[in-house]
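Trainee: Here's a structure for you.
Quick note: the coordinates plus some simple rules give every number you see, no bench work behind them. Keep in mind that what you see is a predicted model, and the values were worked out from it rather than measured. Cβ placement follows ideal geometry from the backbone for every residue including glycine, while neighbour counts extend to all protein chains displayed.
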Amino acid sequence: MMKSFFSLHELLEVTQGRLINLSEKKRILLSPSQICTDTRKIKKGDLFLALKGERFDGEDFVDEAYRKGAIGAIVNNFCFSLPSDFFLIRVNDTLKALQSIAKFYRQKLSIPLIGVTGSNGKTTVKELIAHILSTCYQVGKSKGNFNNQIGLPLSILQFLPEYQIGVLELGMNQPGEIKILSKIAQPNVGVITNIHHSHIGMMGTIEKIARAKAEMIPFLNRNEDNYLVLNEDDPWTGFFRKMATCRIITFGINKKANFRAGNINDEGGRIRFNLLISEKEKIPFNFPSPGIFNVYNVLAAIAVCSIFKVPFSTMSKAVKGFSPPPLHYQIEKCGEYNIFNDSYNANPESMRSALSTLMRLNGGRKIAILGDMLELGEYSFSLHQDLGKFAASVGVNAIFAYGRFASAVASGAEKAGLKDSFCFESKEALFDRLLSYIKSGDWLLVKGSRKTKMEDLISMLKAFVG
């Protein structure tokens, strides 16, 4: 089995750090998971890595790390009165040190690693891939949406030596970020789910978003046996295909992709379809949540898992037993009301998908409770107004909009002929009006960008109904 410890010499070499208050001859071995950036989680024997952010400085917590049992810390500055049993590794940049350590460990792992990026569906596809592969392999994955320059390296450091495959989510909100993450992760299989408006306020154009996601491709091109998995129905797939010299696998619904779905049934709170292997061979799949977008999520996972020779029958069984990530398209009952909880995040395309799915749910009036879509920049007002128009066009019975751009959503809906369209600056005001409006059997879609925390309204309703 691979040696799963870092020596002090290796840490100094990888981080290009300077050792303080300890001899380099001292024999110290640390497991990757003992490198900790959060003093709330420090355990005896850990090494504290003091990150800096806009609102915090990890070096303010070095004393706390020592009191909780840390044996040392990786820091940028040296202005501490050190106990004799506590050492420092001083580096130029603690974030880069974390990333360098994670990259070093990833190279030690020597296992195939799958990187998932795209505008929508990243977390679900990552979770699906890990869930299916775990039927045949020992699999490591990033937790939740640990997909940025801190979360991804921390995820890698939690991988155990016995893992046979790793699955990571790669996120971004600026150019160059996917390149940094890919350099750390060195993926053997890359998935680009789709390209949409997410982060357009920071990126400026859809093309710039596509180019940012494409930063993973050169790392896949390093080996012609690596794979790039693409959505055949996405308009940017041709752009990505031209950049790739590695193997390409596609998935989709409307075109002749390598992995294609047919006979789609999106009723009863579940999505059912057939994987079309050939004209005669069809494999049934049954996903436990609604939405056509989930067909694409499952197809992406099928495409990846086929690379690792997982039988289709095994995939089908695993998909049926899959539990969606928290706050992702969850169907639940709340007293006499039906909740469609997709409150984890939102952008224009995912909002439209959720609204279309809402309208296919059986029974009751359809009420959309929508929070702001963030990071849309100069497009914010027009895209929120378009959202209101779209909601009205698909036939929702009412909109309850919350946030800075709630009035844009409401005005768009009103212009499209929806009478019951309300906007609110506070969740409390929205909730009070909602209680006087909803009836037994109604369906309530709850969705908004992460910072809006629209799930608070579900908690308020649950508390009210007891």
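Trainee: Need one number: % antiparallel among DSSP beta bridges in the stretch 331-416, to the nearest 5. The partial results should precede the final answer.
Mentor: Numbers: 4 of 9 bridges.
Percent antiparallel among DSSP bridges in the stretch 331-416 is about 45.
Trainee: Quick one: net charge around residue 367, please, counting Lys, Arg +1 and Asp, Glu -1 for every other residue with C-beta under 14 Å from its C-beta. The partial results should precede the final answer.
Mentor: Values: positive: 365, 366, 419, 433, 439, 447; negative: 336, 342, 420, 442.
Cβ neighbours under 14 Å give a net charge of +2.
Trainee: Simple spin-label model, 7 Å along Cα-to-Cβ: residue 56 to residue 334 in nm?
Mentor: With each label point 7 Å from Cα toward Cβ, the separation is 3.0 nm.
Trainee: Hey, another quick one. Over the chain, what is the relative contact order in whole percent, taking alpha-carbon pairs under 8 Å and six or more residues apart? Could you put the intermediate results ahead of the total?
Mentor: Details: 1008 pairs, mean separation 47.9, N = 466.
Taking the mean separation of contacting Cα pairs over the length of the chain, I get 10 percent.
Trainee: Then there is this: With the cut-off at 20 Å, report for the stretch 247-375 the share of all Cα pairs above it, as a whole percent. Write down the numbers at each step before the final one.
Mentor: Values: 4001 of 8256 pairs.
So the pairs more than 20 Å apart make up 48 percent of the total in the stretch 247-375.
Trainee: Further question: Mean shadow of the stretch 297-450, computed from the convex hull of its alpha carbons, in nm²? Please list the in-between numbers first.
Mentor: On the way: hull surface 41.9 nm².
One quarter of the hull surface, i.e. the mean projection, equals 10.5 nm².
Trainee: Another question, then. So what's the chain giving for Cα Rg divided by 2.2 N^0.38 Å, two decimals? If you can, show how the numbers build up before the last one.
Mentor: Working: Rg = 24.2 Å, N = 466, 2.2 N^0.38 = 22.7 Å.
It is 1.06.
Trainee: Nearest-5 percent of antiparallel DSSP beta bridges in the chain? Before the final figure, lay out the partial values.
Mentor: Working: 20 of 69 bridges.
Counting only bridges with both partners in the chain, antiparallel ones make up about 30 percent.
Trainee: Please report the Cα spread of the stretch 155-283 along all three principal axes, rounded to whole Å, starting with the longest.
Mentor: Reported extents, whole Å, longest axis first: 43, 42, 33.
Trainee: Just grab the label-to-label distance for residue 360 and residue 149, each label 7 Å out from Cα along the Cβ direction, in nm (one decimal).
Mentor: The modelled label-to-label distance comes out at 4.0 nm.
Trainee: Ratio of alpha-carbon Rg to the 2.2 N^0.38 Å globular estimate for the stretch 333-391, to two decimals, please. Working shown, then result.
Mentor: Working: Rg = 12.6 Å, N = 59, 2.2 N^0.38 = 10.4 Å.
Normalised Rg, Cα atoms only: 1.22.
Trainee: Quick one: length gained pulling residue 29 to residue 323 fully straight, 0.36 nm per residue minus the C-alpha distance?
Mentor: On the way: separation 294, 0.36 × 294 = 105.84 nm, distance 3.80 nm.
Net length gain for the segment: 102.0 nm.
Trainee: Something else now. Would you mind working out the magnitude of the charge dipole of the chain relative to its Cα centre, with +1 at each Lys and Arg C-beta and -1 at each Asp and Glu C-beta, to the nearest 20 Debye? Each step should come with its number before you reach the end.
Mentor: On the way: 58 positive and 44 negative charges, 199 e Å.
Here the size comes out at about 960 debye.
Trainee: Just to be sure I follow: if Rg is taken over the C-alpha atoms of the stretch 112-209 and Rh is the Kirkwood radius over the same atoms, what is Rg/Rh? Before the final figure, lay out each step's value.
Mentor: Values: Rg = 13.4 Å, Rh = 13.6 Å.
Taking Rg over the Kirkwood Rh, I get 0.98.
Trainee: Using 0.36 nm per residue, how much length does the chain from residue 464 to residue 5 gain when fully extended, once their Cα-Cα distance is taken away? Walk me through the numbers before you get to the answer.
Mentor: Working: separation 459, 0.36 × 459 = 165.24 nm, distance 5.15 nm.
Length difference between fully extended and current span is 160.1 nm.
Trainee: Could you tell me the distance between the Cα centroids of the stretch 388-466 and the stretch 210-269, to the nearest Å?
Mentor: That distance is 35 Å.
Trainee: Have a look at 53, 16, 70 and report the one farthest towards the positive end of the charge dipole of the stretch 1-90, computed about the Cα centre with Cβ charges (Lys/Arg +1, Asp/Glu -1).
Mentor: 70
Trainee: Additional query: Can you compute the FRET efficiency between residue 247 and residue 397 using 1/(1 + (r/R0)^6), with r the Cβ-Cβ distance and R0 = 56 Å? Round to the nearest 0.05. Let's see the in-between values first.
Mentor: Working: r = 48 Å, r/R0 = 0.86.
Computed FRET efficiency for residue 247 and residue 397: 0.70.
Trainee: Distance between Cα centroids, the stretch 84-145 to the stretch 165-207: provide it in whole Å.
Mentor: The stretch 84-145 and the stretch 165-207 have Cα centres spaced 14 Å from each other.
Trainee: Right, something else. Going down the table (213/280; 44/108; 103/282; 108/208; 213/451; 44/451), which pairs top 30 Å between alpha carbons? Could you put the intermediate results ahead of the total?
Mentor: Numbers: 213/280 37 Å; 44/108 25 Å; 103/282 41 Å; 108/208 34 Å; 213/451 23 Å; 44/451 34 Å.
Exceeds cut-off: 213/280; 103/282; 108/208; 44/451.
Trainee: Set the Förster radius R0 to 51 Å, insert the Cβ-Cβ distance between residue 77 and residue 267 as r into 1/(1 + (r/R0)^6), and round the FRET efficiency to 0.05. Write out the running numbers ahead of the final one.
Mentor: Values: r = 60 Å, r/R0 = 1.18.
My answer for the efficiency is 0.25.
Trainee: Counting only other residues whose beta carbon sits under 10 Å from that of residue 445, what net charge do I get with K and R as +1, D and E as -1? Write out the running numbers ahead of the final one.
Mentor: Working: positive: 366, 447; negative: 342.
So the surrounding residues net to +1.
Trainee: If I model a spin label as a point 7 Å beyond the Cα along the Cα-Cβ vector, how far apart are those points for residue 38 and residue 382 in nm?
Mentor: 4.0
Trainee: For residue 252, what charge total do you get from the other residues with a beta carbon under 10 Å from its beta carbon, if Lys and Arg give +1 and Asp and Glu give -1?
Mentor: Working: positive: 255, 256, 260; negative: 232, 233, 234.
The answer is 0.
Trainee: Counting only helical runs of four or more DSSP H residues, what would the 222 nm mean residue ellipticity of the chain come to if each run contributes -39,500 (n - 2.57) and the total is spread over all its residues? If you can, show how the numbers build up before the last one.
Mentor: Details: 17 runs with 165 residues, N = 466.
Rounded to the nearest 500, it is -10500 deg cm²/dmol.
Trainee: How big is the dipole moment of the stretch 6-93 about its Cα centre under a simple scheme where the beta carbon of each Lys and Arg is +1, that of each Asp and Glu is -1, and everything else is neutral? Debye, nearest 20, please. Walk me through the numbers before you get to the answer.
Mentor: Numbers: 13 positive and 13 negative charges, 67 e Å.
Dipole size: approximately 320 debye.
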